[in-house]
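For reference, the structure discussed in these notes is given below.
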Amino acid sequence: MLLQANGITKLYGVTPVLEGINLQVLERERIGLVGVNGAGKSTLLKILAGEMSYDGGQIFKAKETTIGYLAQNSGLQSERSIWNEMLDVFAPLLETERELRSMEEQIADPKSSEDPKKYQELLDRYAIRSDWFKDQGGYEIETRIRSVLHGMGFGGFSPDTPISTLSGGQKTRLALAKILLQAPDLLMLDEPTNHLDIATLTWLEDYLRGYSGSLLVVSHDRYFLDRLVTTIVEIERRHSKKYTGNYSRYIELKAAEYESQLKQYEKQQEEIARMETFIQRNLVRASTTKRAQSRRKALEKMERLDKPMGDLKKAHFSFEPEYMSGKDVLQVRDLSVAFEPGKPLFEHASFDLHRGETVALIGPNGVGKSTLLKCLIGTMKPAAGSLQWGTKVKIGYYDQEQSELNPSNTVLEELWSAYPHMEEARIRTVLGNFLFSGEDVLKKISSLSGGEKARVSLAKLMLLEANMLILDEPTNHLDLFSKEVLESALIDYEGTLLFISHDRYFLNKMAERIIELHPDGIQHFLGNYDDYTEKKQEILDMDDEPSEPFARHAIKPQAKQETPVEKQGALSFEAEKQAKREERNRQRKLASLEEQIHTLESEIAALEEEMALPEIYQDYMALQERQQSLDEKKAQLDQIFAEWEALLED
């Protein structure tokens with residue numbers, strides 16, 4: 001065990017933020033720390049790192065255990081160059097290297113061998129220090145630095161680049177690179193995926209999966225948590241609870257736990273109601289007073305269950321178009337954007353959108369994705385190309401910076417100023433759906449957190465009733481539960497959706513088609529993020545040599561005439577590709593059917609368990625209702641089994 005925290009309590013004044021938090025970290029354990037915004041996750045990390053005091057509990061840590069902690073958005077502040085700052089991590093090794101060079105000079109000096117005893121001691125000391133230097137990775141310092149800098153997106157930077165000239169996001173990435181090179185026994189990271197593009201995120205995941213130490217990570221990136229962690233610790237209502245598995249498994253366990261607790265709570269409430277009714281009816285009768293008093297005492301002694309905290313998805317909202325658009329929503333042809341003449345940010349961007357499509361726009365940081373969206377809504381003018389909106393298109397735009405919000409307005413005023421003819425009660429109801437209740441609606445926009453501002457922007461967007469939603473990083477600033485709410489609303493949306501996102505879990509759940517923007521054009525991929533990565537890998541496997549896959553078709557050289565043998569080979573290759581595609585589809589369908597079978601079998605088992613309860617089998621109507629549901633589910637199961645068996649035989 002590297003670290004153990006027992007009963008950690010933290011107060012702000014007299015208000016508890018954390019109460020009785022328990023956490024233990026074992027060697028090579030990967031823990032994800034989750035909870036709604038404001039739950040105290042960052043506070044707990046600071047306490048464990050020794051950067052914040054606590055008011056109760058104990059923390060145990062072995063003396064030799066080293067802890068590395070990277071706070072959220074903590075950029076590296078230094079006057080050194082990138083290379084010298086990274087070298088600083090290896091100061092003890094570099095000092096040993098200087099010592100070894102000095103000893104080598106002494107060994108080479110003929111005078112040193114005049115005293116055989118001292119000379120042997122020098123050789124022995126050199127051997128020991130040399131072995132230590134090698135074991136500690138002294139000969140791999142430069143390789144490790146270059147590898148981590150390249151992975152974190154600094155491969156194109158000169159090693160002499162002063163850190164002071166970097167942007168805030170770059171300084172944050174560099175701070176993460178430095179702590180990775182330090183390689184502590186326990187690495188604690190608070191939102192490490194902020195400011196990372198998808199390529200860097202993927203590299204970081206792979207690096208951390210092979211990390212020799214333990215990890216404690218706070219992240220709102222569900223895909224990152226799914227790939228990386230094996231344990232989830234949730235902070236809820238100031239207490240902690242541990243779940244074994246990744247994020248998706250935690251969601252399943254949490255849902256099952258909630259249903260079980262709700263059943264127990266409802267059962268107890270029914271029992272309490274029966275006892276209270278009995279007491280009211282029988283307390284005044286002389287013959288039954290004693291029994292009623294006995295029930296009252298039992299009721300007073302009963303340990304009452306708290307109602308379990310409901311899923312935040314119940315605070316439901318939806319995006320409903322006022323009217324539908326035409327079938328062809330948008331046509332973009334050869335679009336180019338340049339901030340300086342002759343230096344395009346991107347060019348030759350072409351794509352179409354059709355009614356009801358859900359399309360993701362992705363690409364490396366800085367390529368101009370947000371700029372492209374601004375061209376679509378008319379706040380920026382392209383340098384070249386054309387874009388044509390279809391008929392009856394009503395656009396709703398979500399800006400990741402929330403720049404359209406007025407900081408001097410209250411939350412209520414912000415919505416009311418956008419929809420002045422709407423009744424206050426209706427606006428308050430909408431804000432309640434977005435988790436603003438009571439006095440929350442009177443908070444100034446300027447005092448809101450990033451997540452709260454995001455929810456205000458989404459509330460305004462919902463009231464617009466647009467049939468074309470353009471969303472720029474809609475899940476940024478949202479906690480895990482708010483992301484689930486947003487996804488539920490967008491899945492049911494009947495309009496057209498174009499969005500930018502680095503949230504791969506969101507991309508997987510939402511995208512039906514992906515368009516990838518590059519400086520010299522757009523490449524199109526059918527399917528979600530996993531389909532996209534699979535297709536990209538296929539392209540890499542097919543290309544023996546690096547090529548320019550995003551160059552325009554118009555400027556490609558004329559292909560030479562194929563010989564019959566080459567043509568036959570190409571046809572065979574196409575047939576093989578088609579066969580692989582069909583096999584992948586078959587495997588996906590099988591997995592989907594197996595999931596449906598598992599769900600139905602669980603539901604059937606639950607129904608049969610219910611039907612065995614006395615209160616059910618003694619109630620004819622309730623029993624009939626469950627029997628009908630059971631028959632329907634068994635029929636469904638037989639049908640799905642038949643489909644599954646047919647697919648298996650293909």
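Listed by position, the strands (runs of 3 or more DSSP E) inside segment 318-416 whose residues that are touching a residue at least 60 places away in the same chain (Cβ under 8 Å) and touching a strand residue (DSSP E or B) at 6+ places or on another chain (Cβ under 7 Å) number at least 2 are 328-340, 343-354, 358-362, 395-398. Is it the case, given these coordinates, that residue 154 is surrounded by 14 or more Cβ atoms within 10 Å (Cβ to Cβ) and either within 15 Å of residue 97 (Cα to Cα) or of a type in the set (Asp, Glu) (or both)? No. Between 249, 237, the distinction of being under 30 Å from residue 190 (Cβ atoms) and either modelled with pLDDT of 85 or more or among the aliphatic types (A, V, I, L, M) (or both) belongs to 249 only. If a residue must be open to solvent by 50 Å² or more (accessible area, probe 1.4 Å) and either under 32 Å from the mean Cα position of the chain (by Cα) or within 23 Å of residue 106 (Cβ to Cβ) (or both), how many such residues does segment 117-151 contain? Result for segment 117-151: 22. Considering each residue of segment 580-601 in turn, none proves to be free of Cβ contacts under 8 Å to residues at least 40 places away in the same chain, surrounded by 15 or more Cβ atoms within 10 Å (Cβ to Cβ) and either touching a Leu at 6+ places or on another chain (Cβ under 8 Å) or not aliphatic (A, V, I, L, M) (or both). Considering segment 298-326, and only residues there that are in contact with a Ser or Thr (Cβ under 9 Å, 6 or more places away or on another chain) and open to solvent by 50 Å² or more (accessible area, probe 1.4 Å), the residue that is modelled with the lowest pLDDT turns out to be 313.
Could you list, in sequence order, the residues of segment 173-207 that are open to solvent by 20 Å² or more (accessible area, probe 1.4 Å) and either under 29 Å from residue 136 (Cβ atoms) or in a helix (DSSP H, G or I) (or both)? Across segment 173-207, the qualifying residues are 173, 178, 182, 183, 185, 198, 199, 202, 203, 206, 207.
Residue-wise test of (1) among the hydrophobic types (A, V, I, L, M, F, W, C); (2) over 30 Å from residue 334 (Cα atoms).
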| residue | (1), (2) |
| --- | --- |
| 393 | yes, no |
| 400 | no, no |
| 412 | yes, yes |
| 419 | no, yes |
| 423 | no, yes |
| 426 | no, yes |
| 429 | no, yes |
| 434 | yes, yes |
| 438 | no, yes |
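Residues that are buried (at least 19 other Cβ atoms within 10 Å of the Cβ), more than 21 Å from the chain's Cα centre (by Cα), at negative phi and not hydrophobic (A, V, I, L, M, F, W, C) within segment 494-527 comprise 495, 496, 518, listed in sequence order. Across segment 225-277, the qualifying residues are those that are open to solvent by less than 40 Å² (accessible area, probe 1.4 Å) and among the aromatic types (Phe, Trp, Tyr), and the one among them that is nearest to the chain's Cα centre (by Cα) is 247.
Candidates in segment 126-172 are the residues that are of a type in the set (Val, Ile, Thr) and out of contact with any Asp or Glu (no Cβ under 9 Å at 6 or more places or on another chain); of these, the one that is farthest from residue 87 (Cα to Cα) is 128.
On the given criteria, is residue 60 within 30 Å of residue 8 (Cα to Cα), among the aromatic types (Phe, Trp, Tyr) and touching a residue at least 40 places away in the same chain (Cβ under 8 Å)? So residue 60 passes the test.
The values are calculated or read from the model by the stated rules, or taken from the named source; none is laboratory data. Note that this is a predicted model, so its numbers are computed, not measured. Using ideal geometry, Cβ is built from the backbone for each residue, glycine included, and neighbour counts are taken over all protein chains shown. Only protein heavy atoms, including side chains, enter the accessible area calculation; ligands, DNA and RNA are left aside. Shrake-Rupley method; radii C 1.70, N 1.55, O 1.52, S 1.80 Å.
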